[in-house]
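Working notes, beginning with the structure itself.
The values are calculated or read from the model by the stated rules, or taken from the named source; none is laboratory data. Bear in mind that the values here come from a model prediction, so they are computed numbers and not experimental data. Here the Cβ positions follow ideal geometry from the backbone for every residue, glycine too, while neighbour counts run over all protein chains shown.
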Amino acid sequence: MKVSSVRTDKNGQQFLKNYEFGAFLDRIKTDTASFLIGFLRDEASPEAPTHYRHYHDIPHICVPMELRRQENGAIGMSVFNGLVVLEVRQVMSQKACEALKRAAMVLPTTLAAFIGASGHEVIILVRVARADGTLPVSEVEAEPFYALAYKQMAHVYDATLPQRITRMTPTPRHTFLLPLDKSPLTNPEAVPFRINAIGDTTIDDQADEHLLALPERRDVQEEDMTAYSNYERAYRDAIQRVAAHLGNPKRWGTKWYKAFVTGMATELYRAAWPQEEAVCHLWGHLTFKDEPGLTEDFVRRTVEAVYEEEQTLKHRQDLARETEEPVMQQIIRRMEDRYVFRHNTIMGYTEYRANHTWVTPWQPVTPQVINTFTTDLLLAGLNLNNHDVQYYVNSTRIRKYNPIEDYLMQTGKWDKRDHIRALAATVPTRNQAQWADWFHTWFLAMVAQWQGRDRRYGNAIVPLLISDQGMHKSAFCRLLLPPELRSWGYMDNLSLAEERPVHLAMSQMLIINLDEFNRISPLKQQGFLKNILQLPSVKVKRPYSRYTVEVPRLASFIATTNMADVLHDPTGSRRFLGIEVTGSIDVSQTPNYAQLFAQAMEELDSGARYWFNDEETKVIMAHNRKFQQLSSVEQFFHEFFEPTLPEDPEAEWLSVAALMMIIKERAGASFKAPALNAFGRTLNGLPELVHRRSKNGSEYCVKRLF
């Protein structure tokens, strides 16, 4: 088993190196030649924490899977190692770290435990496997498995360790800084924990759902980690100053500990710490929480009181600020002290996270969260109701955040290689060039749909992958989106039974996979599905909203099926790109997503066509005839007649009634004659059948086959 080391320089170039696991454990016993880890632990200034300037020189370690450099230049999975990474952060001392390591090694599933780069986190490697003992073989299979395994193992280790596992967004691409631990613990005989596909749902599971919502870009996480490490160093220095000032008491007790909290709050204020940062560090690091009265609420009230007092001393002209300041201004000030907000324009709701560097994921502001905000403000002495808080969090004062724009703007410059057609080439089919061109147009239409380049039309084209089971069709569909977008923007279990959830999904999802397309009834395919495919916008009721609004459609569709004759509507077949998959799709390589979307962006900006013209549509309809499921009426028609052109010597013009009469005479009782108008609609739906208007109604140009 190998683990991977990835270092990114200041220019964004990545350097990859793989270690045997034993060599990796030996490597972390000593610092780098430049003592990068030691400087990370020691260099930060206590008075003015700043980002660690050598951060980019420290390698990032990926343990869940071995990485490799692919032909497209991207770094992707080579082998999934069957390991889940659990981290316990904010560990106060070296002694506590060692205790956590020993506690983790008690469980037979622990492969290794060691201290992380900051010196205040413990990293635990846990062996896992599927219920049958196997492991995922591709990254798209590894992602959902790792997410499920992470949840289950986090709960198992929570019950064993003296400190709770720090929750993070579970991804097999999870990395941590190169650790430094002179005595890492390991168990070569560790056994894998068998992960069930359906785990039991707990309250903690529900609370952790937001972890899969919108993962932060890696650079944001790194900045948080750097700032967090610097704050940790500054906090330890503040402890020494406060302890020296208070001295050693004759008897340790609650009075001394409360004085310590007050002194620390004063030190952190004078070091220009944000208030919420001070609360978070103080409560997280207290080792005497069992003392009477030393609660999180006491720490928060003490910090708030010290900060208010210090601000009053500094600004004597504002002594009466709390009484003169409008209530709404007090609400905004206190909320911004404790939280950071953003309005997710895709999901349609406001999200928040704590205003400190102890990395926490963004969470939606639900009605329950509003009530929590209101309760905290009431306990702080403000006279308000929950509507006051709602006015603020749902106002235009909250900055807007669009995760799609955020991702696309980070893709960089296109290297001029055709990554889109290269991705299409991983799908083996009979006409590879035609499929590559069709996929290229559809992919551009998908990105154009996200960006709202044309609000008049929706992306009505659906690639339909057709093959036997086990060809990785669904895995290919998931692979179309990068993990940052796939975790929230991909859906493959949409039910078309109700209109409302379908419209909501179309406004929030990026790709909807109509898996098992053959299960969609002919009536649903010819009616509801045909309608929604061409919609440029949808009317939805957003989460936590009371109103129905019209919003742009985001989702593009793709479909998979194991049956060939799945298209029921002849006129609607132009909306599908029927593709016979002739072999197993290659999902072993991770696409170079940055270049994939950089290509789409640059081509769209240069005016590339992202729709099919009339000639291409005719080719598509002719191509899809072999995938048509003919009704009994159509089958009887084709048994006795053949569409032809008027120039054909055997051509004749027959009305709907005449055609039906002849079929009834030839087929006898086996022909269940439909109504004339229904039969006429069927004939009009045959694209190759020429018709004209006459005094007797519509007539069709046919040639008899009997």
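Listed here are the residues, each with its yes/no results for (1) crowded, with 19+ Cβ neighbours inside 10 Å; (2) modelled with pLDDT of 85 or more; (3) of a type in the set (S, T, Y).
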site	(1), (2), (3)
V619	no, yes, no
E642	no, yes, no
M660	yes, yes, no
K664	no, yes, no
S698	no, yes, yes
Fill in the blank from the handout: For Y490, the lone unmet condition from (1) out of contact with any Leu (no Cβ under 8 Å at 6 or more places or on another chain); (2) free of Cβ contacts under 8 Å to residues at least 24 places away in the same chain is (1)
Problem - Scan of segment 536-565 for residues that are surrounded by fewer than 18 Cβ atoms within 10 Å (Cβ to Cβ) and assigned to a loop (DSSP other than H, G, I, E, B), ordered by number - result: P536, R542, P543, Y544, S545, R546, Y547, N562, M563, A564, D565
Handout entry: Residues of segment 31-63 that turn out to be modelled with pLDDT of 75 or more, in a loop (DSSP other than H, G, I, E, B) and out of contact with any helix residue (DSSP H, G or I) (no Cβ under 6 Å at 6 or more places or on another chain), as a count
Key = 6
Completion exercise
Sole miss for V369 among (1) surrounded by fewer than 20 Cβ atoms within 10 Å (Cβ to Cβ); (2) within 24 Å of the chain's Cα centre (by Cα); (3) part of a loop (DSSP other than H, G, I, E, B); (4) among the aliphatic types (A, V, I, L, M) is condition (3)
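Evaluate segment 477-486: report whether one residue or more is closer than 27 Å to E405 by Cβ, within 16 Å of the chain's Cα centre (by Cα), free of Cβ contacts under 8 Å to residues at least 24 places away in the same chain and part of a loop (DSSP other than H, G, I, E, B).
The answer is no, given that none of the residues of segment 477-486 is closer than 27 Å to E405 by Cβ, within 16 Å of the chain's Cα centre (by Cα), free of Cβ contacts under 8 Å to residues at least 24 places away in the same chain and part of a loop (DSSP other than H, G, I, E, B).
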Practice task
From the list V122, V126, pick out the single residue that is within 23 Å of L67 (Cα to Cα) and touching a strand residue (DSSP E or B) at 6+ places or on another chain (Cβ under 8 Å).
Solution key: V126
Completion exercise
Residue pairs within 7 Å by beta carbon, gap of at least six or interchain, first lying in segment 160-175 and more than 26 Å from L485 (Cβ to Cβ), second crowded, with 17+ Cβ neighbours inside 10 Å and at pLDDT below 90, listed first then second, are Q163/V91
Practice task
Report yes if some residue within segment 176-188 is outside any strand (DSSP E or B), under 28 Å from the mean Cα position of the chain (by Cα), surrounded by fewer than 20 Cβ atoms within 10 Å (Cβ to Cβ) and among the basic types (K, R); otherwise report no.
Solution key: no
Handout entry: Scan of segment 686-701 for residues that are farther than 24 Å from Q628 by Cα, out of contact with any Ser or Thr (no Cβ under 6 Å at 6 or more places or on another chain) and not in a strand (DSSP E or B), ordered by number
Key = K695
Completion exercise
Given (1) within 16 Å of R574 (Cβ to Cβ); (2) in contact (Cβ under 8 Å) with a residue 12 or more places away in the chain, N531 misses just (2)
Practice task
For A675, indicate whether it is aliphatic (A, V, I, L, M), at pLDDT below 85 and either over 53 Å from the mean Cα position of the chain (by Cα) or within 29 Å of Q525 (Cβ to Cβ) (or both).
Solution key: yes
Completion exercise
Scanning segment 584-603 for residues that are under 14 Å from P483 (Cα atoms) and in contact with a helix residue (DSSP H, G or I) (Cβ under 7 Å, 6 or more places away or on another chain) gives T590, P591, N592, L596, F597
